[in-house]
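Asks: Here's a structure for you.
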Amino acid sequence: MRAGWCDGSVRGILNAPAARTSVSDRTQAHTAELLSAIARKDRRALGELIAVHGRGLTLVATRYLGSPEDADEVIQDVFLRVWRHASRYDPHKARVKTWLYRITVNLCVDRHRRTSLRRFIGLDDPPVEIADPQPSAADRLEDRHTLDTVRAAIAALPARQRMALLLSAVAELDTGDVATAMAVSPGAVEQLLVRARRKLRAATNQNEDQTP
C-alpha cells in the first residue's frame, strides 16, 4: 500500500487515540458484517476494522520483524489485501481475527525472507535495537534488565517458534487459531510453544544466575 487513500487511512487510524471499544466488545458476527461491507467498498467499515485490529496486528509484526518500518509496510499491505479481497473471507473456515492474522503471518514471513536475503548479500544493514513504541505499565514496572533479556531471547527464537509465541501471547489466539493462522496442525503449534517457552526459561534463568 504505497499511495492513495488506503495508505493515509491506515496510518491515520493507527496513529489516532485508541478507540473506547475493544476487540472483545465486537462480536464475530459484527466483524463479519464489516468484511461484507468492505467487499462492497465501504470505507467506513475498513476504517472500523483497522481501528479494532490494527494495533494488535502491528505489535505482532513489529516484534516478529524487529523493525517498525517493515511492520508498518506489512500492515498497510494487510489492509490493502482486505480491501481488495474481503469477498473471499469464509466465516465457516475461520474467525475474522484469525483470518487477519493469517494474512499478517504470510506477509511477515515473506518480508523476513526478503530482508534476510538482502542482508546476506550486503544490500541492507542489520536493524538497530528499537524501543517499544507503546510501552505498557507492566513494561515500565518490570525490571529493565530482565525485560531486555526476554525480548532478546524472543528475537533469537527460530522464526516459526517466535511467530507461534507472538500469536499466542501477544495476539491472544488460542492453539486452534494459531494453527489456522500458521497453516499447521494444533499439535505442531503446541510443540513450537513448548520449545519456545523452554528457551525463554533457559535465557531467564541464565540471566538470574549472572545477576549480582
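Every number in this text was worked out from the coordinates using simple rules, so none of it is lab data. Note that this is a predicted model, so its numbers are computed, not measured. For neighbour counting, all protein chains shown are included, and Cβ atoms are generated from backbone atoms with ideal geometry for every residue, glycine included.
Asks: Give me the lysines in straight-line cross-link reach of Lys199: C-alpha distance below 26 Å, same-chain residues under 8 apart excluded.
Replies: none
Asks: Could I ask something else about it? Can you tell me which of 33-43, 195-205, 52-62 comes out highest on packing, and rank the rest after it, using the mean Cβ neighbours within 10 Å?
Replies: By packing density, highest mean first, the sequence is 52-62, 33-43, 195-205.
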